[in-house]
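Engineer: Dumping the structure here so I can ask a few things about it.
The values are calculated or read from the model by the stated rules, or taken from the named source; none is laboratory data. Predicted model only: the values in this text are computed from it and were never measured. Every residue, glycine as well, gets a Cβ built from its backbone with ideal geometry; the counts of neighbours run over all protein chains shown. Keep in mind that these areas ignore ligands, DNA and RNA; they rest on the heavy atoms of the full protein, side chains included. Shrake-Rupley method; radii C 1.70, N 1.55, O 1.52, S 1.80 Å.
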Amino acid sequence: MTTADGAWRAGADGDGQGDGAAPEGWEAPRERWLSTVVRPAFGPRSVLLEIVARLLIPAILTFSVFLLLSGHDRPGGGFVGGLVASMAYVLRYVAGGRHELAAGLPMRPNGLLALGLLVACGTAGAPLLFGRPILETFSFSTVLPVFGTVKFASFLLFDIGVFLIVVGLVLSVVAALGARMEAEEEEARVRRPRREGGR
Amino acid sequence: MLIFALVLHAAFAVLLPPLVRVLGARVFFVASLPPALAVLWALSQAPRIVSGRPISASVAWVPALDISLDFRVDALALAMVVLVSGIGAAIFCYSVGYFHADERGIGRLASVMVLFSGAMLGVVTTDNLFALYVFWELTSVTSFLLIGHDDRKEQARRAALQALVTTVGTGLFMLVGFILLGGIGGTFRISELVADPPTDSPWLPVALVLILVGAFAKSAQAPLHFWLPAAMVAPTPISAYLHAATMVKGGVYLVARLAPGFADVDPWRALVLTVGLATMLVGGWRALRQDDLKLLLAYGTVSQLGFLIVLGGTGTQVAAAAMIGTLLAHGFFKSTLFLTVGVIDHQTGTRSIAALTGIGRRMPVLAGAGALAAASMAGLPPLIGFVGKEAALEAFLPGHVPAPSPAAAGVMLAGLVVGSILTFAYSARFVWGAFADKETVSERRFQSPSWAFVTAPVLLSAAGLLLGVAPQAADAVAQSYAAPLPVGDKPYHLALWHGFGPTLGLTALVIAAGALLFAARRTVEQAQKALARWPEAELGYHLFVHAIYAAALSVTRRLQSGSLSVYLGVILATMLALPGVRLVAALVNGDLRLPFGSEEFRIWDSPLEGVVAVVLIVATIAVAREHRRFPALIMLGALGFGVAGLFVLHGAPDLALTLILVETLTMIILVFVLRRLPSTFNVRPNGWTKRFTVLLCSAAGTFIAVTLWLMTDARTATPISGGFAERAEEVGGRNLVNVILVDFRALDTFGEIVVLATAAVAVASLVLLNRRSRVMEQNGAETPEENGAETEDAKEGTAGPRAGIGTKEILGNDLRPDGAHQPNEGGE
Amino acid sequence: MSAPGFILVIAVAVLYSSGFYLLLQRSLMRVVFGITALGHAANISLLLTDEAITLPPLLTGHEGELSDPLPQAMTLTAIVITFGVTTFLLALAYRVWLGDGNDEVPNDVEDRRIKQLSEPEDSA
């Protein structure tokens, strides 16, 4: 999730100075709680929610990766991991509105879907190149300096594909049913007074 | 070679349309090559075939079902190949003169005709019932396309459809008959079935009757003959080829093909003789009153087909020989006559008897050919038609033939004599109507036809003469085909002269009476008019089609109310009515027992499960009863978490985890949508509708639950996931569910993620579609720069990777004064 | 194999009944709820094919009978698919609401037209 983090920081750096008269001195926050101007998806702006989101989102994303990787031995896996990861973005959207969601995404939901399908297809089809049946898996263990014995199985790749698809699904649904509708409502609000003024 | 010829037909069918641009109507010369090749090959093999050694070829087609394309050319097939390919080649050449280069769809016409030629060749040479059926239907379909060639004429379309419905509809009966017959006989090879016919099955008559129905419809037997006269809207070469010489003989061929094996099985012979004779008489009678020459010939064809069915289905040696003779005779004279009418129509623009005069003087060659062919049809010596008719009368001389019984033979003989008299009369009427000088009619101006145009009818007519003068050729074929059939007093040979005997006397009677009938044609016409109009057979077809339409409409009207809930209710009711009633019956009878009171019966496995279940039940009922959206939503969430709790109790942590996450997400997304909708559900069902719905749904739910209960109780097999644990350790995973998902059953998961991706794209498209249409609407009304801003905004809204770059724009948009936050309305 | 506890059978019956009932309603949102309820019902049905109370299918070395992992894998797939279907239905409902101003299932226009055809077309 480094990409996500990078995009987020880029967004945060990009508009840090743009917000009216900032308080002087050391007590002024260097960054906002969230990276863009906040207009939450529902209801009035909630500082508590914003802070919680700020604190929790990295933890949730990390947890989702943990679920993904440990899925072979413990409850978890691509589906659960993907749902948890998308939960982080949903939280971000609820707290910060659609622009916040846009700022936090590593790529478009469709890109995630495509990447996920690509990874899954690649894992499924790769054994064909070696004359093996489709979707065959292999695994090996190796000893790494810090982590000790590390097991790697090719179905982890497949699970990553599943993970990406699930994230892509949830995000495109949120983008469509949440952000898109929100944007339309706003447009309608913007347009209505103008039209009335014109007449 | 035979298979090569068939493939050649198909290949030419593909190649011809592009050639039209280069060759125009001369494309038919090219089209005549495959049939010409086929007939030359068949003739070159004729001595071998006639001597009793048929040619076979085979290609595996559907090996799994033991269906192979077997081909077998014996004497009967040889006669048909001569008709199909020989006459076909001649008619293709004739078409060059008949069609103009600017004729609409000439490429399609040529292509379909060649395709038909190939299909018909397949029908008469294949030795497999399924292949026969496929080729048979292919001829029906090509016939449909050819009849409807002029697709701008409603009449043509209707006639085409009528022919298709009649032949293909009955073809289905035939298919069932084929399957039955093959099942009874243990083989689908026609030659084996005929050589060693199964006799003892009670289903055999059913199979034969079904096959006969198909054959009768194809050969336009009464009362299914109506499609053939209607099909005369097709261009004349097509009528000559399909609806006189070849396709309509498909039924005759099939009857003749099966007769050696099955003629003695009741009710084959009775059916064939009755239907054939009736058709012969009806067709002849109707032909006498037609004014359109083509229709006259069409009814004549119906009559002759009845005649042929009688001969082909009788299953005696003399009748079989007569069938071969008449088959060849009819093929040649009827195609000649059609082509003659085609020339007359083409040159003068009419084919009405009442409008034609002086043709004989102006086109003597054509008139000669036509008269010769008509004489063959009338049964005059020394033509092949005479040879066939002599043999036919011989075949039913009471007391001299093995079948049918003398009384029946007497009736048949009388019927055939009457039919022949009618045939003579309408033949004479045709010659008179087409060629004679009529004083009452004023002569039309027309050009004489080119010699090339007349060649085909002259050649075909000459072939009839040749076969008549030298009947040995036809006789050889006939003897080869008729050899296995029961013989009468003495062997019979097709010949012009058999000495003085009863048949010669009958022929003389036919000629005399026919001439009399023709001479008295005005009286006959008046008599026909005076008779009350018989019910037209076509009426039956219309009533049938009308009844189907009406039935379909009334069923649709009742069932297709347009209400989704009614449809779903019907599905539920069906589930209850069929397996549900059976379940209740089994429970009442005691075949099945609910596990009450048995040692297996438990209220719950742990008290906690009971608590969760009660929460589930309460939440579920609340969801169903709640009319406010948000409370219903909350209850739905409670329901989902309850199910997750159940999963935890039942040792499924993965499921519980997934379900909790999914439920949470579902709730959030439902809130996105629900907050825009009104706060209560609009329509509240009440009264009897509601009560009935509740009852139906409760019954359906109870049925499923009880079934589930019984099934799990009755389960005896061990789960198939037995060895999964060991294998999972092999691949290095300890969470079995996850290993199943990503390894053992990864293909399922793969399918699932494709579904998920599709759903994601579909959701986005559904919502954005609306947006796009709205932007399109506004483009007309609003100023351009505003549009630009909006589309820019639209791009941002979909949350892209350009977030870092786009933030300023977003900022700008967001700081609009009127963009300040407002509480959301419940809907616009 | 043993049958599930009676209370669970009742729960499944209630879930199916309510699911069907909601499915038969006019409001699209209730239809969506019905599909969700039916999904839960089907998932529980799958789960009930297994022994009642067992250990999770994790190879942790503990003693005891593991639950059958196959129905669980199927159920997991079903849960996620149900989620996809639900969101799709929501999008549909939203579109219907945008178009008609309500979220009701309208009667099919084509079907109504067929129904209005009282006279069959003349085939002759």
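For every residue, the table says whether it meets (1) crowded, with 18+ Cβ neighbours inside 10 Å; (2) under 16 Å from the mean Cα position of the chain (by Cα); (3) modelled with pLDDT of 85 or more.
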{"residue": "A:Gly6", "(1), (2), (3)": "no, yes, no"}
{"residue": "A:Trp26", "(1), (2), (3)": "no, no, no"}
{"residue": "A:Val80", "(1), (2), (3)": "yes, yes, yes"}
{"residue": "A:Ala85", "(1), (2), (3)": "yes, yes, yes"}
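Engineer: Of the conditions (1) within 17 Å of the chain's Cα centre (by Cα); (2) farther than 16 Å from A:Ala85 by Cβ; (3) within 7 Å of chain B (Cβ to nearest Cβ), A:Ala175 clears all except one; give me its number.
Structural biologist: For A:Ala175, the failing item is (2).
Engineer: Another question, then. Return the total of residues in the range B:742-756 being open to solvent by 10 Å² or more (accessible area, probe 1.4 Å) and among the aliphatic types (A, V, I, L, M). Lay out the reasoning, then the answer.
Structural biologist: At the first step, the residues of the range B:742-756 found to be open to solvent by 10 Å² or more (accessible area, probe 1.4 Å) are B:743-745, B:747-748, B:750-751, B:754-755.
With the extra rule that they be among the aliphatic types (A, V, I, L, M), the set shrinks to B:747, B:754-755.
So the count comes out to 3.
Engineer: Just checking: which of the helices (runs of 4 or more DSSP H) contained wholly in the range B:197-311 hold 3 or more residues that are surrounded by fewer than 24 Cβ atoms within 10 Å (Cβ to Cβ) and in contact with a Pro (Cβ under 9 Å, 6 or more places away or on another chain)? Steps first, answer last, please.
Structural biologist: Numbers: elements: B:204-218, B:227-230, B:236-240, B:249-262, B:268-287.
Result: B:204-218, B:268-287.
Engineer: On the basis of being more than 53 Å from the chain's Cα centre (by Cα), open to solvent by 40 Å² or more (accessible area, probe 1.4 Å), within 15 Å of C:Gly5 (Cβ to Cβ) and not hydrophobic (A, V, I, L, M, F, W, C), does B:Glu609 make the cut? Working first, answer last.
Structural biologist: Values: more than 53 Å from the chain's Cα centre (by Cα): yes; open to solvent by 40 Å² or more (accessible area, probe 1.4 Å): no; within 15 Å of C:Gly5 (Cβ to Cβ): yes; not hydrophobic (A, V, I, L, M, F, W, C): yes.
No: the conditions fail for B:Glu609.
Engineer: Here are some residues: C:Leu70, C:Leu22. Which one is closer than 29 Å to A:Pro75 by Cβ, crowded, with 21+ Cβ neighbours inside 10 Å and facing chain B (nearest Cβ under 7 Å)?
Structural biologist: On the way: C:Leu22 fails: closer than 29 Å to A:Pro75 by Cβ.
Selected residue: C:Leu70, the only one of C:Leu70, C:Leu22 that is closer than 29 Å to A:Pro75 by Cβ, crowded, with 21+ Cβ neighbours inside 10 Å and facing chain B (nearest Cβ under 7 Å).
Engineer: Just need a number here: residues in the range A:95-108 that are facing chain B (nearest Cβ under 7 Å) and either open to solvent by less than 10 Å² (accessible area, probe 1.4 Å) or part of a helix (DSSP H, G or I) (or both).
Structural biologist: Qualifying residue count, the range A:95-108: 6.
Engineer: If only one of C:Leu58, C:Leu92, C:Leu46, C:Leu8 is without any contact (Cβ under 8 Å) to a residue 40 or more places away in the chain and at the interface with another protein chain (Cβ under 7 Å from one of its Cβ atoms), which one is it?
Structural biologist: Values: C:Leu92 fails: without any contact (Cβ under 8 Å) to a residue 40 or more places away in the chain; C:Leu46 fails: at the interface with another protein chain (Cβ under 7 Å from one of its Cβ atoms); C:Leu8 fails: without any contact (Cβ under 8 Å) to a residue 40 or more places away in the chain.
Within the list C:Leu58, C:Leu92, C:Leu46, C:Leu8, the selection yields C:Leu58.
Engineer: Let me ask something else about it. Of B:Thr357, B:Thr326, which residue is more than 21 Å from B:Thr455 (Cα to Cα), assigned to a loop (DSSP other than H, G, I, E, B) and open to solvent by less than 20 Å² (accessible area, probe 1.4 Å)? Explain how you work it out, then say what you get.
Structural biologist: On the way: B:Thr326 fails: assigned to a loop (DSSP other than H, G, I, E, B).
Every option except B:Thr357 fails the conditions.
Engineer: With A:Ala59, A:Ala53 as the choices, which residue is buried (at least 19 other Cβ atoms within 10 Å of the Cβ) and either of a type outside the set (Lys, Arg) or not in a helix (DSSP H, G or I) (or both)? Step through it out loud before you land on a result.
Structural biologist: Numbers: A:Ala59 fails: buried (at least 19 other Cβ atoms within 10 Å of the Cβ).
It is A:Ala53.
Engineer: Name every residue in the range A:118-148 that is more than 8 Å from chain B (Cβ to nearest Cβ), more than 30 Å from the chain's Cα centre (by Cα) and of a type in the set (S, T, N, Q), in order of residue number.
Structural biologist: Listed by number, the list holds a single entry, A:Thr142.
Engineer: Filter the range B:365-378 down to the residues that are over 37 Å from the mean Cα position of the chain (by Cα) and either among the hydrophobic types (A, V, I, L, M, F, W, C) or modelled with pLDDT under 90 (or both) and list them by number.
Structural biologist: Within the range B:365-378, the subset over 37 Å from the mean Cα position of the chain (by Cα) is B:365-369, B:371-372, B:375.
Listed by number, the residues that qualify are B:Val365, B:Leu366, B:Ala367, B:Ala369, B:Ala371, B:Leu372, B:Ala375.
Engineer: With the condition being in contact (Cβ under 8 Å) with a residue 12 or more places away in the chain and open to solvent by 30 Å² or more (accessible area, probe 1.4 Å), I'd like the helices (runs of 4 or more DSSP H) fully within the range B:367-474 carrying at least 2 qualifying residues. Outline the logic, then answer.
Structural biologist: Details: elements: B:384-394, B:406-435, B:451-469.
Counting at least 2 such residues, we get B:406-435, B:451-469.
Engineer: When you scan the range A:139-158, do you find a residue that is surrounded by fewer than 22 Cβ atoms within 10 Å (Cβ to Cβ), polar (S, T, N, Q) and part of a helix (DSSP H, G or I), even just one?
Structural biologist: Checking the range A:139-158: at least one residue is surrounded by fewer than 22 Cβ atoms within 10 Å (Cβ to Cβ), polar (S, T, N, Q) and part of a helix (DSSP H, G or I).
Engineer: Something else about it: Among the listed residues B:Thr167, B:Thr187, identify the single one that is part of a helix (DSSP H, G or I) and either closer than 30 Å to B:Ser56 by Cα or without any contact (Cβ under 8 Å) to a residue 12 or more places away in the chain (or both).
Structural biologist: Working: B:Thr187 fails: part of a helix (DSSP H, G or I).
After applying the criteria, what remains is B:Thr167.
Engineer: Now, a different point. Conditions first: (1) without any contact (Cβ under 8 Å) to a residue 24 or more places away in the chain; (2) touching a strand residue (DSSP E or B) at 6+ places or on another chain (Cβ under 7 Å). C:Val80 passes all but one, so which condition is the exception?
Structural biologist: Evaluating C:Val80 over (1) without any contact (Cβ under 8 Å) to a residue 24 or more places away in the chain; (2) touching a strand residue (DSSP E or B) at 6+ places or on another chain (Cβ under 7 Å) leaves (2) as the failure.
Engineer: Of the residues B:Ser698, B:Ser721, which is of a type in the set (Gly, Ala, Ser), open to solvent by 10 Å² or more (accessible area, probe 1.4 Å), touching a helix residue (DSSP H, G or I) at 6+ places or on another chain (Cβ under 6 Å) and modelled with pLDDT of 85 or more? Please lay out each step first, then the result.
Structural biologist: On the way: B:Ser721 fails: modelled with pLDDT of 85 or more.
After ruling out the rest, the residue left standing is B:Ser698.
Engineer: Name every residue in the range B:597-639 that is more than 7 Å from every other protein chain (Cβ to nearest Cβ), touching a helix residue (DSSP H, G or I) at 6+ places or on another chain (Cβ under 6 Å) and within 12 Å of C:Val14 (Cα to Cα), in order of residue number.
Structural biologist: B:Val615, B:Ala619, B:Ala622
Engineer: Residue check, B:Ala656 against (1) more than 9 Å from every other protein chain (Cβ to nearest Cβ); (2) more than 18 Å from B:Ala705 (Cβ to Cβ); (3) crowded, with 16+ Cβ neighbours inside 10 Å; (4) not acidic (Asp, Glu), all met but one. Which one?
Structural biologist: In the conditions (1) more than 9 Å from every other protein chain (Cβ to nearest Cβ); (2) more than 18 Å from B:Ala705 (Cβ to Cβ); (3) crowded, with 16+ Cβ neighbours inside 10 Å; (4) not acidic (Asp, Glu), B:Ala656 misses (1) alone.
Engineer: If you check B:Arg691, B:Arg684, which single one turns out to be open to solvent by 70 Å² or more (accessible area, probe 1.4 Å) and either over 26 Å from B:Leu583 (Cβ atoms) or at pLDDT below 80 (or both)?
Structural biologist: Details: B:Arg691 fails: either over 26 Å from B:Leu583 (Cβ atoms) or at pLDDT below 80 (or both).
Result: B:Arg684 is the single residue among B:Arg691, B:Arg684 that is open to solvent by 70 Å² or more (accessible area, probe 1.4 Å) and either over 26 Å from B:Leu583 (Cβ atoms) or at pLDDT below 80 (or both).
Engineer: List, please: which pairs have Cβ atoms under 9 Å, are six or more places apart or on different chains, and start with a residue in the range B:67-81 that is under 16 Å from B:Phe332 (Cα atoms) and end with one that is assigned to a strand (DSSP E or B)?
Structural biologist: Once the first residue is under 16 Å from B:Phe332 (Cα atoms) and sits in the range B:67-81, its partners that are assigned to a strand (DSSP E or B) give B:Val81/B:Val73.
Engineer: Which of the residues spanning the range B:300-314 are of a type in the set (S, T, N, Q) and farther than 14 Å from B:Phe396 by Cα? Give the steps one after another, and end with the answer.
Structural biologist: Our first condition is that a residue be of a type in the set (S, T, N, Q); within the range B:300-314, this holds for B:301, B:303-304, B:314.
Across the range B:300-314, the qualifying residues are B:Thr301, B:Ser303, B:Gln304.
Engineer: With B:Leu539, B:Leu517, B:Leu553, B:Leu568 as the choices, which residue is more than 34 Å from the chain's Cα centre (by Cα) and part of a helix (DSSP H, G or I)? Quick ask: steps written out before the conclusion?
Structural biologist: Working: B:Leu539 fails: more than 34 Å from the chain's Cα centre (by Cα); B:Leu553 fails: more than 34 Å from the chain's Cα centre (by Cα); B:Leu568 fails: more than 34 Å from the chain's Cα centre (by Cα).
None of the others qualify; the one that does is B:Leu517.
Engineer: Follow-up. For the range C:25-35, how many residues meet the condition of being open to solvent by 10 Å² or more (accessible area, probe 1.4 Å) and under 15 Å from C:Val85 (Cβ atoms)? If you could, list the steps in order and put the result at the bottom.
Structural biologist: Applying the first criterion (open to solvent by 10 Å² or more (accessible area, probe 1.4 Å)) to the range C:25-35 yields C:25-26, C:28, C:31, C:35.
Applying the additional criterion that residues be under 15 Å from C:Val85 (Cβ atoms) yields C:28, C:31, C:35.
Final tally of qualifying residues: 3.
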